[in-house]
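Okay, so here's the structure we're looking at.
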Amino acid sequence: MTWFYAKQFFDGAQLHRDYYFQVENSVVTSVSDSPVSYDVHLDGLVAPGFVDTQVNGGGGVLFNQAPNLASLKTMFLAHRQFGTTTMMPTLITDSLPVMQRAADATAEAVAENMPGIAGIHFEGPHLSIAKKGIHPAEQVRVISDSELNLITRSDLGKVLLTIAPENVAPDIIKDLVGRGVVVALGHSNADFDTVLAAINAGATGATHLFNAMSGLQARAPGMIGAVLNDERITSGLIVDLLHVHSANCRLAFKAKSAKGIMLVTDAMAHVGSDLTELPWLDTVITRDGDRLTTPDGTLAGSCLDMMGAVRQAHQVVGVTLTDALYSASSTPARFLGLQNVGHLLLGAQADFVVIDKHLQVKSVYQGGEKQ
């Protein structure tokens, strides 16, 4: 067992000062705000490891282009250096064989208890052509029995599925949720009533709020209006300040609080690598500073990392630091139904990040071990 001392310690619920916690067998087994003999002095702010529900790639690898176990390991290591200790590898709309290979890789990772891989996020293919973004139009399709069988496999860990509610009926959403799938709404041009029907059927998430969804108008609230209004929905938000204006990020937090907004990266292969160009379908995704675009200027995911998302949520958007940390850890963990990550309370997996005064990652611990 190991006792740690932290000058500042955010346990996922509240901020403590001069705090002590014990880790045994990778789990937080004791905590104290009274001095105890300790083994490790953590110099900085200790917070739960980040939970990212939308990771398309990292370390030079895009999951769609290499849906295998090696890619998952590369992606996770690329993101862990920025504080992510749990993630959902995300497959952008693709063919059924690619979906199957991605599912097999995820099942392999889950079976061997690979650190950091909580399951898989299928972003599509059951989306809206009108709001497809960079998703290939030729692969956008109606859900089939083959896809239902794949998505509801029991060996994938947590499964998150992004759908456009105008293209997936409420009874199908209800069935998916009843079989353990977490359903999010996105890449959709649905009207308010269609979105509300999907929420009533059991959808609990929204994928990258404000992006690729029907807008908020005076007499047509659209998906944005539905998401901002409904407490049943936890929404991802890309705070790279390119996908969403800082004022709209601020509005999202005011409307839904840190309990309803989860920071996500929507990261492509560029994170944790020096990659500047990435082939994509019949075009290329190019990095210019922090912006990823196709030649026509369409945003194509991000090169954001979770520490960067926390930092910008706090320093630019104006969210309190504890709320920003909560949105990067506790909120997404709760959304996915993960009980032992996203916080550092008794019984939690000892996954944590040590952050310096500039809100940069100093070190990352997984299961109480420095990485």
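Of note:
- Convex hull of the chain built on C-alpha atoms - directionally averaged projected area, nm²: 17.0
- Two-site FRET efficiency, Arg250 against Val27, from Cβ-Cβ distance with R₀ of 35 Å, rounded to 0.05: 0.40
- Applied to region 96-110, the Karplus parametrisation 6.51 cos²θ - 1.76 cosθ + 1.60 on θ = phi - 60° returns per-residue 3J(HN,Hα) values of 4, x, 5, 4, 5, 5, 5, 5, 4, 5, 5, 4, 5, 5, 5 Hz, with x for Gly and Pro.
- Gain in span if fully extended, Gln65 to Lys174, counting 0.36 nm per residue against the direct Cα distance: 36.1 nm
- Distance (nanometres) between label positions extended 7 Å along Cα→Cβ at Gln360 and Val316: 1.8
- Positive contributions from Lys and Arg (+1) and negative ones from Asp and Glu (-1), summed over other residues with Cβ under 12 Å from the Cβ of Thr152, come out at -2.
- Between 0 and 90 degrees, the angle of helix 246-256 with respect to the longest Cα principal axis of the chain falls at about 80 degrees.
- Hypothetical label at Glu138: residues of region 157-182 whose amide nitrogen lies under 11 Å (7 Å Cα-Cβ projection): none
- Residues of type lysines that Lys7 reaches as a straight line, Cα spacing below 19 Å, ignoring anything fewer than 8 places off in the same chain: Lys357, Lys362, Lys370
- When GluC sites (Glu not before Pro) are flagged only if DSSP places them in a loop and at most 15 other Cβ atoms lie within 10 Å, the longest unflagged stretch of the chain comes out as 232-371.
- Take the Cα of Thr2, step 7 Å toward its Cβ, do the same at Ala218, and the gap between the two points is 6.1 nm.
- Equivalent ellipsoid semi-axes - Cα gyration tensor, region 15-140, angstrom: 38, 16, 12
- For region 201-216, putting each phi into the Karplus relation 6.51 cos²θ - 1.76 cosθ + 1.60 with θ = phi - 60° gives couplings of 7, x, 5, 10, x, 9, 8, 5, 3, 6, 9, 6, 8, 4, x, 8 Hz, in residue order, rounded to whole numbers and with x for Gly and Pro.
- Take every Cα pair under 8 Å whose residues are at least 6 apart in sequence, average their separation, divide by the length of region 151-195, and the relative contact order is 47 percent.
- Dipole of region 85-223 [Lys/Arg +1, Asp/Glu -1 at C-beta], most positive-end residue of Asn189, Phe122, Leu161: Asn189
- Taking only the C-alpha atoms of region 218-364, Rg followed by Dmax gives 16.6, 50 Å.
- Where Cα atoms sit under 25 Å apart: lysine pairs in region 50-336 separated by 8 or more or lying on different chains: 10
Just so you know, all these numbers are worked out from the coordinates, no wet-lab data involved. Note that the structure is predicted; figures quoted are calculated from it, not measured. In this analysis, Cβ positions are derived from the backbone assuming ideal geometry, glycine residues included, and neighbour counts consider all displayed protein chains.
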